[in-house]
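Student: Dumping the structure here so I can ask a few things about it.
The values are calculated or read from the model by the stated rules, or taken from the named source; none is laboratory data. Not measured: the values here are computed from a predicted model. All Cβ positions, glycine included, derive from the backbone under ideal geometry; neighbour counts span all protein chains shown.
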Amino acid sequence: MSFSIILAVVAGIISGLFIFPDAFSVHIGLIIDIGLCLLLFFVGMDIGRNKEILNQIKSNGYKILLIPCGVALGSIVGSILGGFALGLPINESSAIGAGFGWYSLSAIELSKYSAETGALAFITNVCREVFALVSIPYIAKYIGNYEAIAPAGATAMDTSLPVISKATDANTAIVSFITGVVLSTLVPILVPILISI
Amino acid sequence: MRIILYIFIILAGVFISSKGKLNEMVEKNLSKLQYASLLLLLFIMGINIGINDSIINEFGKLGFQAVVLSLSSIILSVAAVKLVTIYFKHKEKAVQQDEL
């Protein structure tokens, strides 16, 4: 996780506290919408450049897609159960869980719903990435290779990939990458659906 | 409706870059562009948090909730993948028995 990401959020919080007037919050939804569209466009370009993904899915067999499905289902059900214990409404806890560790996108999307839910989504998904990086080597050793992909969620294709690759083998690294791509595609679809339940 | 827009935008990006229609300058700087728009968005999200006094006052509570939510997501997702791998092994065994 990059220092500049935390810095951007902290700089925003400080300028929100001291510089921007409360009336600015009216415009935030629109600015986020424009920026989000731009970001998703770049993400699409990134996926389009990588022509290997489809071939990799074909050689591994389509059953490999059950792994991202399992991670998605487990993450959402898990956060609903956690949210139940904390007294959070199901739409909020499930949408936060559907961030799959991609803290920037899920938090940005949810901060349009409420700043507090956005903040919780950010911290939750940052925590998920940190816990993933710490637990992956142990899960790979004591539970199994594919299971080691699960904590990483959407970050299985980028920030967590080096850790997974080191803790497991080349085939698991490819499955991890595919899992990350599928989950990353699901985040901008599932988060708005779940929050509007 | 919003979701359709998001999917359309992602697919437009996939289409343009897979057809090799990317400007060389854009292609070279894609990750930088992506990162710059991300940082800007996070800055704005930060402003949104900073303006809201109740979040600042409840930061400790949010931290505790975040730990509970992230751990429960991780545990359940590992369990779900465990079920998937059990299914894989079960299927593999069935194929081997068929071959015998």
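Student: Show me the helices (runs of 4 or more DSSP H) entirely contained within chain B in which 2 or more residues are more than 24 Å from A:S15 (Cβ to Cβ).
Tutor: In chain B, B:2-18, B:24-28, B:30-51, B:59-99 are the helices (runs of 4 or more DSSP H) which contain 2 or more residues that are more than 24 Å from A:S15 (Cβ to Cβ).
Student: Could you check the range A:39-86 and list, in sequence order, the residues that are at pLDDT 95 or above and either over 20 Å from the mean Cα position of the chain (by Cα) or farther than 26 Å from A:T124 by Cβ (or both)?
Tutor: Those that are at pLDDT 95 or above and either over 20 Å from the mean Cα position of the chain (by Cα) or farther than 26 Å from A:T124 by Cβ (or both): A:F84, A:A85, A:L86.
Student: Mind telling me which of the residues A:T185, A:T155 ends up being surrounded by fewer than 22 Cβ atoms within 10 Å (Cβ to Cβ) and in a helix (DSSP H, G or I)?
Tutor: After ruling out the rest, the residue left standing is A:T185.
Student: Could you list, in sequence order, all residues of the range A:89-119 that are within 7 Å of chain B (Cβ to nearest Cβ) and farther than 21 Å from A:L40 by Cβ?
Tutor: Correct list: A:S93, A:A115, A:E116, A:A119.
Student: Follow-up. Could you check how many residues of the range A:156-185 are touching a Phe, Trp or Tyr at 6+ places or on another chain (Cβ under 7 Å) and closer than 20 Å to B:Y6 by Cβ?
Tutor: Counting residues in the range A:156-185 that are touching a Phe, Trp or Tyr at 6+ places or on another chain (Cβ under 7 Å) and closer than 20 Å to B:Y6 by Cβ gives 3.
Student: Residues to consider are A:F131, A:F84, A:F177; find the one that is within 22 Å of A:L65 (Cα to Cα) and surrounded by fewer than 24 Cβ atoms within 10 Å (Cβ to Cβ).
Tutor: A:F177
Student: Sticking with this structure for a sec: Within the range B:57-78, track down each residue that is more than 7 Å from chain A (Cβ to nearest Cβ) and hydrophobic (A, V, I, L, M, F, W, C).
Tutor: B:F59, B:F64
Student: Scan (1) more than 7 Å from chain A (Cβ to nearest Cβ); (2) within 23 Å of A:V134 (Cβ to Cβ) for the single condition B:L5 breaks and write down its number.
Tutor: Only one criterion in (1) more than 7 Å from chain A (Cβ to nearest Cβ); (2) within 23 Å of A:V134 (Cβ to Cβ) is unmet by B:L5, namely (2).
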